[in-house]
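Input: a single structure, listed below in structure tokens.
Where a number appears in this text, it was derived from the coordinates with a stated rule and is not lab data. If you're wondering where the values come from, they're calculated on a predicted model, not measured in any experiment. Methodologically, a virtual Cβ is constructed for each residue, glycine included, from the backbone with ideal geometry; neighbour enumeration extends over all protein chains shown.
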Amino acid sequence: SWIKVSSYVRGCHYDVIGLEPNKKYSFRVSAENQYGVGSPLTSEKPIIAKFPFDVPSPPGTPQITDSDETSVNLIWERPKSDGGSKIHGYQVEFRDPRDGRWKPVSDQLVKDTTMRVPNLMENTEYEFRVKAKNAAGFSVPSKPTASFKVKTKSSVPSPPLNVRVSKVGRSYVDVKWDKPRTDGGSKITGKIRTIPFKYYSSSL
């Protein structure tokens with residue numbers, strides 16, 4: 001059914017307000033003089049009420065630049081197109097690949113192109129992706145990161161303990177030691193079998 005938006009317009013222009021976004025509308029106009037209202041002219045195609053700009057293009061695939069046992073640091077590139085409207089911020093999402101459901105890290109938009117994602121579970125794999133937002137809404141998501149396992153950052157082991165010589169021969173010694181207190185977060189793959197030594201001579 002047709003709804004009258006104005007009964008009296010003197011010029012050939014009128015701003016129709018109060019439309020519902022993303023809904024189709026058709027319009028028609030009738031001229032009126034002292035003898036009455038003429039036949040209406042209807043617009044050729046329905047019009048969709050929407051912003052005069054689009055959502056941004058997707059941001060670049062996020063990269064993991066640092067991590068520990070409960071968090072990761074992400075960085076990504078800005079979208080190639082802002083859709084004609086200033087980008088308000090970014091929404092970072094994560095998921096456990098076994099679950100499949102994407103969840104926002106925070107309800108607040110990230111203003112920069114980097115974020116520290118906290119409160120992750122140790123020894124759990126995650127994927128991350130980013131969406132950009134402007135006045136028209138959210139972009140499609142970026143490509144996700146590869147699956148990443150959150151764990152304690154690895155480092156070199158601590159020194160072995162209780163190094164001692166257990167046997168001495170004419171041209172050799174048998175050296176023993178105890179395991180290091182920490183493996184640095186990574187399995188110890190081997191031990192150095194040769195060690196520097198000092199040579200002493202004595203006169204009897």
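Mind ordering 68-81, 105-118, 29-42 by average Cβ neighbours within 10 Å, highest first?
68-81, 105-118, 29-42
Using the Kirkwood radius over C-alpha pairs as Rh, can you work out the diffusion coefficient of the chain via Stokes-Einstein at 25 °C, viscosity 0.890 mPa s, in µm² per second?
D, rounded to a whole number, is 101 µm²/s.
List the residues, sorted by chain then number, that are 5 or more residues from G89 or on another chain and whose placed amide H is less than 5 Å from its amide H.
K133
Please get the size of the charge dipole for region 1-113, origin at its Cα centre, with Cβ charges of +1 on Lys and Arg and -1 on Asp and Glu, quoted in debye to the nearest 20.
It comes to approximately 740 debye.
Starting from the Cα of T61, move 7 Å in the Cα-to-Cβ direction to define the label point; list residues of region 138-158 whose amide nitrogen is under 18 Å from there.
140-149
Could you check the simple spin-label distance between K24 and V175, using points 7 Å along Cα→Cβ, in nm with one decimal?
Here the modelled spin labels are 8.3 nm apart.
Amide H of I47 versus every other amide H placed in the peptide plane: which residues, excluding those fewer than 5 positions away on the same chain, fall under 5 Å?
Y25, S26
Which of the chymotrypsin sites (Phe, Trp or Tyr not before Pro) found in region 103-192 are loop residues per DSSP with 11 or fewer other Cβ atoms within 10 Å of their Cβ?
Y172
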